[in-house]
Amino acid sequence: MSIVRRSNVFDPFADLWADPFDAFRSIVPAISGGSSETAAFANARVDWKETPEAHVFKADLPGVKKEEVKVEVEDGNVLVVSGERTKEKEDKNDKWHRVERSSGKFARRFRLPEDSKVEEVKAGLENGVLTVTVPKAEVKKPEVKAIEISG
């Protein structure tokens with residue numbers, strides 16, 4: 001039995017075997033530079049949590065060396081995590097059976113809240129997880145001055 005994609009407009013099962021992610025595959029390469037190899041790694045997964053003291057970002061970057069990653073603050077309040085995972089060198093005698101790990105450039109941008117101390121950002125890479133810590137400025141409590149009421 002072969003699976004053939006039919007083009008009959010009135011057939012409700014015509015797209016049953018269609019790839020549901022097909023539309024996204026046409027968009028992602030355009031965003032990430034046009035390379036299908038880059039598209040797979042374009043969106044490095046990042047968690048962002050806020051503690052009372054800081055904003056903490058954790059990105060999964062397996063196989064990426066710290067020399068291949070950049071952490072920057074642009075325009076005073078945009079955290080940028082970017083880099084590149086290099087492709088494994090191929091030997092002409094090698095016979096590949098499957099290639100699923102992606103390589104290429106990646107970049108993620110996050111607009112930081114006003115309470116961020118961007119001059120004190122710290123980053124570390126351990127076991128394939130990049131942790132970026134952006135300390136928060138202390139929130140100044142408004143000073144209240146009691147005014148004596150005369151009369």
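The values are calculated or read from the model by the stated rules, or taken from the named source; none is laboratory data. Worth saying up front: this structure is predicted, and the values here are computed from it rather than measured. We place every Cβ from the backbone using ideal geometry, glycine too, and count neighbours over all the protein chains shown. With ligands, DNA and RNA removed, areas are computed over all heavy atoms of the protein, side chains included. Shrake-Rupley method; radii C 1.70, N 1.55, O 1.52, S 1.80 Å.
Of the set (1) in a helix (DSSP H, G or I); (2) modelled with pLDDT under 85, all apply to G34 but (1).
The number of residues in the stretch 69-116 that are part of a loop (DSSP other than H, G, I, E, B) and open to solvent by 60 Å² or more (accessible area, probe 1.4 Å) comes to 18. What residue, among those in the stretch 117-127 that are open to solvent by less than 80 Å² (accessible area, probe 1.4 Å) and part of a loop (DSSP other than H, G, I, E, B), is nearest to A59 (Cα to Cα)? Step by step, filter the stretch 117-127, then rank; the result is V121.
Scanning the stretch 52-75 for residues that are farther than 11 Å from V129 by Cα and touching a residue at least 40 places away in the same chain (Cβ under 8 Å) yields P52, E53, A54, H55, V56, V69, V71, V73.
Just one of the listed residues (V139, V132) is in a strand (DSSP E or B) and either surrounded by fewer than 16 Cβ atoms within 10 Å (Cβ to Cβ) or in contact (Cβ under 8 Å) with a residue 24 or more places away in the chain (or both), namely V132.
Restricted to the stretch 47-57, and to residues that are open to solvent by 90 Å² or more (accessible area, probe 1.4 Å) and assigned to a strand (DSSP E or B), which residue is nearest to V139 (Cα to Cα)?
Result: E50.
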